[in-house]
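For reference, the structure is listed below as structure tokens.
None of the figures in this text is laboratory data; all of them are computed from the coordinates on show. These figures come from a predicted structure and were not determined experimentally. Quick reminder, even Gly has a Cβ in these numbers, built from the backbone with ideal geometry, and neighbours come from all protein chains shown.
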Amino acid sequence: MAKKILFIDDSALMRRMLCDIINSDSRFHVEATARDGLEALEILRTNKFDGIVTDINMPRMNGLDFLRELDKLKRDERVMVLSSATAEGAKVTMEALELGAVDFIQKPQGTFVMNNKEFLQAFFDTLEAVVYSNRAARPARRTAAAPVQPVIKPDPVKIGRVSGGSKIVAIASSTGGPKALQQVIPRLPANIDAPIVLVQHMPVGFTKSLADRLNAVSEVTVTEAVEGEFLEKGHVYIARAGMHMKCEERHGRTRIVYSDEPNREGVKPCANYMYESLMDTNWQTVVCVVLTGMGKDGTEGIKRLNERKDTFIIAEDAKDCVVNGMPGSIVATGLVNQVSGLDHIATEILTKVGVR
């Protein structure tokens, strides 16, 4: 049976165009449309849906306020957001994810998307991930009335120094990743004895906003990685969307390099490239962390890396994953050393790499 979708957008053209796109796939059907959040809430009074696709910028009630009201109603519908490609749009989209949206896709410009295979593939991949996401593991919504809970960090004194040579942490995440990362990165202390490289699947223009939001709530420094910069301990380097991030040795130090090779695993950046590039670096141990996400990105790269390096592989527990594709794929290899819930992953990382 087709999944029932509620579509919300103030543009009649966008409603018609994207509803036609959704209805072209037998897995989904738009059961109702609304012009803004208020009209959508009225529809929800007497109807239930499997998923909601909503714009953010709308009159009367915008997408963020709609998400806040949706939380008050304790609704089960999973939400996909239509985001603008502007810098402000990226910031607002990050807030929408914090408020409970499962994932987002950039709002199309013009009617050419009807024949744009790349857009259609991305649209349906995202919609599928959202609608079929793990209901129990859906990110908890943060409402205006509910204060942000303080992050409980591992005790660095109890962790202490860890012997065994130089270490680096490499993280891969996708759908549900921005919220999952907020349960991991802020728990890492500034004096962690390793740098962290991170691939999060996102459209071009969104990774800087993710880095900025994580940096604001973390002790470690979090930035969008810059071409040519050398890795430093206590620093998280997020791959810039639209390019593949690799690590390269130069004069005895590891630096960031980008490549514009074709998509791999259907994504760019691809975590496989990041993991494989670590094979030829001087790091003795690589702590690989695979978080929620659709597909299997990271698996081949970690398998190859494991043949050349001492690896310690951590996978997010399926019950915590919004989508268990990437963690499930690496678990299936039998290489995983630790399966952990989100609340414990930072501790597992620190237990392996220690503090300075």
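Relative contact order, percent, of the stretch 156-353 when contacts are C-alpha pairs under 8 Å separated by at least 6 residues?
Relative contact order comes out at 23 percent.
Please tell me which of these pairs span more than 26 angstrom C-alpha to C-alpha: 107/246; 117/268; 296/352; 303/352; 246/352? Don't skip to the end; give the middle numbers.
On the way: 107/246 29 Å; 117/268 16 Å; 296/352 24 Å; 303/352 19 Å; 246/352 23 Å.
Cα-Cα > 26 Å for 107/246; rest within.
Multiply the residue separation of residue 250 and residue 119 by 0.36 nm, subtract the distance between their alpha-carbon atoms, and state the gained length in nm to one decimal.
Extending this stretch completely gives an extra 43.4 nm.
Among 125, 297, 103, whose mean-square fluctuation peaks in a Gaussian network model of the chain (Cα, cutoff 10 Å)?
It is 125.
What ranking do 345-353, 113-121 get when scored by the average of other Cβ atoms within 10 Å per residue, highest first? Write down the numbers at each step before the final one.
Working: 345-353: 22.2, 113-121: 12.7.
Answer by packing, highest mean first, reads 345-353, 113-121.
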